[in-house]
Structure formats: C-alpha cells, structure tokens
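Student: Below is a structure I'd like to ask you about.
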Amino acid sequence: DSGVTQTPKHLITATGQRVTLRCSPRSGDLSVYWYQQSLDQGLQFLIQYYNGEERAKGNILERFSAQQFPDLHSELNLSSLELGDSALYFCASSVARDRGEVGYTFGSGTRLTVV
Amino acid sequence: ELKVEQNPLFLSMQEGKNYTIYCNYSTTSDRLYWYRQDPGKSLESLFVLLSNGAVKQEGRLMASLDTKARLSTLHITAAVHDLSATYFCAVDMLVIQGAQKLVFGQGTRLTINP
C-alpha cells in the first residue's frame, strides 16, 4: 500500500456519461496530481492541486475537471465520455517541492472503460 | 516544451545478460525519476536522481544521471525473469513556484527470457 488511495479501481460506463474518480493523498502530502495513461498517448499529466488550489494544468480536456477539498482528497470529474477516454487514471501525491523534499507516490489507479 | 525520449521502446533479452535503457530529455532539470510498472499495475518508484553525476544502485539495477548531456541511463546487470516489466523515466519540471509536473518518457517494455 503506497498510502495514496484511489477509488474505484475499475469503472465501466457508456459514452456520454459522467464519472467521478476519487483520490486520497498520502498523509502529510499537500499536492495531488492526476495522470492519464493510454496506449496511444502514454502517461500524460492532467492537473496539479496544492492545498486546495489549482497549480498546474496539462493537456486536460474541457470535459474534464478536478478539485481538491479541505481534507485534501481530490476528485477528477469526466463528463460527456467518449470511447477515447478509456484509460488508466493515476493520482499521485507529494510534499511541496520548495520544502526540499522529493518524490511522488502513485496510487493504484482507476481503470476506466467507456463502451 | 520538455520532451523525454527513451530507447529502446522494446527490449527482449536473455537471462544473465546486461543491457542499458537510455533516457534523453530536452530541457534542464535537476530531478529525474525511474519507475517500474507491471501490466495493469501502478508505478513503483525505483530511483530518484538529483544531481549531475548521481549514480544509484539497487540489486541488479543501476541508474545514472548526466545533466550536462541531459541523459540518464538504467543499467541492468545479469538480468533475471523477475525484472520483466515496463520501465519509465520521468523528468520533474518546475512550471512556476509551487507548480510542478512529471513528464514521462514513452516507456521501455523489457522482456527477459529464460
């Protein structure tokens, strides 16, 4: 157990639907990151939150949104789902880089299948 | 934009042999990570390399970093079947103060045959 908890582990849904993926970071980590892993795009950074605030954005589609709550857990919302959104979605957490600590801890991922 | 390129992308080797995976990146960074991923599983951190000339070893794996050449290597010594997995390098990119992201290479799928 890495300390980063993602739920659900698997999700199967139909095109056009909306889903929410959840991530609880490792205790003490203030930053949460979302990554998408697909066969054609590889591992792509989606978005970073730090202590409730959005800090960095990658190639995240407008149909996708995220937030980090006061208890530091994060949710990634995917809407108007398309077949191409099928992927493994990872959450990672870290302490703040400017604190001089290093390392990202990844959760076990949510496998999303859109049918 | 930072680009991270690994080669080879596929590697099939025999047990007992040595080989090296290369990771090139396009802009300056002071942190480079190596991860292992088994099929359908999460990313397991192998090494964090923080400075030029850094070398770290764990078992049959050794990683090094040359920041001037923007090159990291992952060397496998006397490979065993259990090392079969996909290996990723990732460069830590500081976007702005307090904002950062990992940029991953394409991954190297390593298969070790008896």
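The values are calculated or read from the model by the stated rules, or taken from the named source; none is laboratory data. These numbers were taken from a predicted model, which means no experiment stands behind them. Every residue, glycine as well, gets a Cβ built from its backbone with ideal geometry; the counts of neighbours run over all protein chains shown. The area values use the complete protein model at the heavy-atom level, side chains included, leaving out ligands, DNA and RNA. Shrake-Rupley method; radii C 1.70, N 1.55, O 1.52, S 1.80 Å.
Student: Would you pick out the residues in region A:14-51 that are under 24 Å from A:Glu82 (Cβ atoms), away from every other protein chain (no Cβ under 14 Å) and under 13 Å from the mean Cα position of the chain (by Cα)?
Tutor: Answer for region A:14-51, where residues must be under 24 Å from A:Glu82 (Cβ atoms), away from every other protein chain (no Cβ under 14 Å) and under 13 Å from the mean Cα position of the chain (by Cα): A:Val19, A:Thr20, A:Leu21, A:Arg22.
Student: Given the conditions (1) surrounded by 13 or more Cβ atoms within 10 Å (Cβ to Cβ); (2) assigned to a strand (DSSP E or B); (3) without any contact (Cβ under 8 Å) to a residue 24 or more places away in the chain, report the number of the one that B:Ala90 does not fulfil.
Tutor: Just one mismatch for B:Ala90, condition (3).
Student: Now for a separate question. Would you mention how many residues in region A:1-13 are open to solvent by less than 70 Å² (accessible area, probe 1.4 Å) and either closer than 15 Å to A:Gly84 by Cβ or among the aliphatic types (A, V, I, L, M) (or both)?
Tutor: Within region A:1-13, residues that are open to solvent by less than 70 Å² (accessible area, probe 1.4 Å) and either closer than 15 Å to A:Gly84 by Cβ or among the aliphatic types (A, V, I, L, M) (or both) number 3.
Student: Further, regarding this structure: Given the conditions (1) at pLDDT 95 or above; (2) within 21 Å of B:Lys3 (Cα to Cα), and given that A:Pro25 satisfies all but one, which numbered condition is not satisfied?
Tutor: Against the list (1) at pLDDT 95 or above; (2) within 21 Å of B:Lys3 (Cα to Cα), A:Pro25 comes up short only on (2).
Student: Right, here's the next one. Just wondering, is there one or more residues in region B:35-54 that are aromatic (Phe, Trp, Tyr) and open to solvent by 60 Å² or more (accessible area, probe 1.4 Å)?
Tutor: No: region B:35-54 contains no residue that is aromatic (Phe, Trp, Tyr) and open to solvent by 60 Å² or more (accessible area, probe 1.4 Å).
Student: Check whether at least one residue in region B:57-64 is touching a residue at least 12 places away in the same chain (Cβ under 8 Å), hydroxyl-bearing (Ser, Thr, Tyr) and open to solvent by 40 Å² or more (accessible area, probe 1.4 Å), and report yes or no. Quick ask: steps written out before the conclusion?
Tutor: Start the filter on region B:57-64 by keeping residues that are touching a residue at least 12 places away in the same chain (Cβ under 8 Å), which leaves B:58, B:60-64.
Subsequent filtering for residues that are hydroxyl-bearing (Ser, Thr, Tyr) retains B:64.
Remaining after also requiring open to solvent by 40 Å² or more (accessible area, probe 1.4 Å): none.
No, region B:57-64 contains no residue that is touching a residue at least 12 places away in the same chain (Cβ under 8 Å), hydroxyl-bearing (Ser, Thr, Tyr) and open to solvent by 40 Å² or more (accessible area, probe 1.4 Å).
Student: Can you report the number of residues in region A:14-45 which are open to solvent by 70 Å² or more (accessible area, probe 1.4 Å) and either on the phi > 0 side of the Ramachandran plot or not polar (S, T, N, Q) (or both)?
Tutor: Count: 5.
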